[in-house]
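The values are calculated or read from the model by the stated rules, or taken from the named source; none is laboratory data. Computed from a predicted model, the values in this text were never measured in an experiment. With ideal geometry, Cβ positions are generated from the backbone for all residues, glycine too; neighbour counts draw on all protein chains shown. These accessible areas exclude ligands, DNA and RNA; they are computed on the full protein's heavy atoms, side chains included. Shrake-Rupley method; radii C 1.70, N 1.55, O 1.52, S 1.80 Å.
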Amino acid sequence: MKKQAEQTKSIFILEVYEFAPCERHAYQLHKEMYCQCAGPCFLTWKRGVGYFETLRDAEKCIKKIVRRKRDDVYGFVIKEMLRDCLVYTYASLSIRRYLKDGSLWCTGSDKTAKFKEGDLVEIAYDDYVELGIVQGFDNADCSYTVVTYNLDENAPSEFCTRLCDATCVLPPSFPVQKKYAAALRRGLKQAKKNSADELPF
């Protein structure tokens, strides 16, 4: 009886992230109005796959998708939600990120950094993945500080510093073009200098 109660208190939502149709598998600039990213990125689509009673069932579904060897899959996310709530209204009880091969990459409770300062990374959003460089990691709230390259001529700064949940920061999917890598390293130096200038001594 206790086991049944544990299984029914929450529900597991599986989402698959796919490369947008006709999207070139490389970091590029999107000037179109529908893309919110002003730097190197690629576009993705988020698609809900299903609701599952247990985490194990959701992970089994991931394995089924992986076995089909689809080349349009970017990765997977499993969100645990309270059963008696409106979906996407309340915060997840837990979140787990899986890579395109189905391997577990990160959970929302991970306290160990997978990247160090200066590593090139991706920041995954619902509809695009942005290229960035790691400045630091805060294990208290499992988040990275990531510097991104901003090529919007109307923006006040060439670089942006973002605070990103660890479940959204992933290894690069493609080789990083030299011009973007050099720009991001320049941005990291600038961000570190700005941080030092803000110290009260």
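Can you name the residue in the range 155-171 that is outside any strand (DSSP E or B) and exposed (fewer than 15 other Cβ atoms within 10 Å of the Cβ) and, of all such residues, is modelled with the highest pLDDT? Show your work before the answer.
Here is the first cut: in the range 155-171, the ones outside any strand (DSSP E or B) are 155-158, 166-168, 171.
Next, only the ones that are exposed (fewer than 15 other Cβ atoms within 10 Å of the Cβ) stay: 155-158, 171.
Details: Ala155: 63, Pro156: 62, Ser157: 71, Glu158: 83, Pro171: 96.
Once the filter is applied, the top-ranked residue is Pro171.
Among the numbered conditions (1) within 23 Å of Ala91 (Cβ to Cβ); (2) touching a Gly at 6+ places or on another chain (Cβ under 9 Å); (3) open to solvent by 40 Å² or more (accessible area, probe 1.4 Å); (4) not acidic (Asp, Glu), tell me where Leu151 comes up short.
Leu151 satisfies every listed condition except (1).
Pick out the one residue from Leu131, Leu104 that is hydrophobic (A, V, I, L, M, F, W, C) and either under 16 Å from Val16 (Cα atoms) or open to solvent by 60 Å² or more (accessible area, probe 1.4 Å) (or both). Don't jump to the end; show me each part of the working.
Numbers: Leu131 fails: either under 16 Å from Val16 (Cα atoms) or open to solvent by 60 Å² or more (accessible area, probe 1.4 Å) (or both).
Going through Leu131, Leu104 in turn, the sole match is Leu104.
Can you report the number of residues in the range 90-111 which are closer than 11 Å to Cys142 by Cα and at pLDDT below 90?
Filtering the range 90-111 down to residues closer than 11 Å to Cys142 by Cα leaves 106-111.
Filter again for at pLDDT below 90, leaving 108-111.
The number of residues fulfilling the criteria is 4.
Specify the residue that is most open to solvent (accessible area, probe 1.4 Å); the eligible residues are those in the range 17-76 that are in a loop (DSSP other than H, G, I, E, B) and hydrophobic (A, V, I, L, M, F, W, C).
My answer is Met33.
Identify all residues within the range 122-142 that are more than 18 Å from Lys111 (Cβ to Cβ) and assigned to a strand (DSSP E or B); write none if there are none. It would help to see each step written out before you state the result.
Restricting attention to the range 122-142, the residues satisfying the condition of being more than 18 Å from Lys111 (Cβ to Cβ) are 122-133, 135.
Glu122, Ile123, Ala124, Tyr128, Val129, Glu130, Leu131, Gly132, Ile133, Gln135, listed by residue number.
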